[in-house]
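The values are calculated or read from the model by the stated rules, or taken from the named source; none is laboratory data. Being a predicted model, the structure only gives us computed values, none of them experimental. Here the Cβ positions follow ideal geometry from the backbone for every residue, glycine too, while neighbour counts run over all protein chains shown.
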Amino acid sequence: MRSRFFKFFVSRLFGTLVDTLAIWMLSRFIFNSYVGIYIISPVISFEIATFFNYVVSYVWIWHKHISTKNLRDFSLRFIKYNASTLIGFAVKMAFLILFERLFRWDVVYCNLAALLISGIVNFLLAEFYVFKKGVKYPIVDGYKIIDENPESDKPDKKTKETQSL
């Protein structure tokens, strides 16, 4: 788990760079109201960084926890990841607004401080919820689940004996 935390930390540094660059661009060039700068910009920059961080997590950090890699697995885990990061986002926003109110810092500094705190929450959710080892999403063809292990469909001796009774 230490190795994953280190990779998580490194990847989140790059995610923080993506988030910070996005929030800086949005707050300097797109929005000029308080709501635009302190509410809408962080929401947009958060989603951009979330997708970046998810791809890095899926491909690099928790790739050994994923037994079946396909578009369905990627998509379902992304939904879980995005939902779990909303908790981290709520923590981030609470601290961002708190720091702005307490210290009157610029939004970029408030965002950086809040990201440090919410990062721990995000790691724990990713480790124990999104990329929990052994979780496997079935492949669905229409309404029928396709078993990737057709050997499991063959009855064993006990099943044959039970059926003959």
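Observations on the structure shown:
- Listed by first and then second residue, the pairs linking a residue in the range 59-86 that is in contact (Cβ under 8 Å) with a residue 24 or more places away in the chain to a residue that is surrounded by 14 or more Cβ atoms within 10 Å (Cβ to Cβ) and among the charged types (D, E, K, R), with Cβ atoms under 6 Å apart and 6 or more places separating them unless they lie on different chains, are Ile61/Arg4; Ile61/Lys7.
- One residue alone among Ile87, Ile79, Ile39, Ile120 is aliphatic (A, V, I, L, M) and within 16 Å of Val10 (Cα to Cα), and that residue is Ile120.
- Residue that is nearest to Ile66 (Cα to Cα), among those in the range 121-142 that are modelled with pLDDT under 85, hydrophobic (A, V, I, L, M, F, W, C) and surrounded by 13 or more Cβ atoms within 10 Å (Cβ to Cβ): Val135
- Selection from the range 37-71 of residues that are surrounded by 18 or more Cβ atoms within 10 Å (Cβ to Cβ) and among the hydroxyl-bearing types (Ser, Thr, Tyr): Tyr38, Ser41, Ser45, Thr50, Tyr54, Ser57, Tyr58
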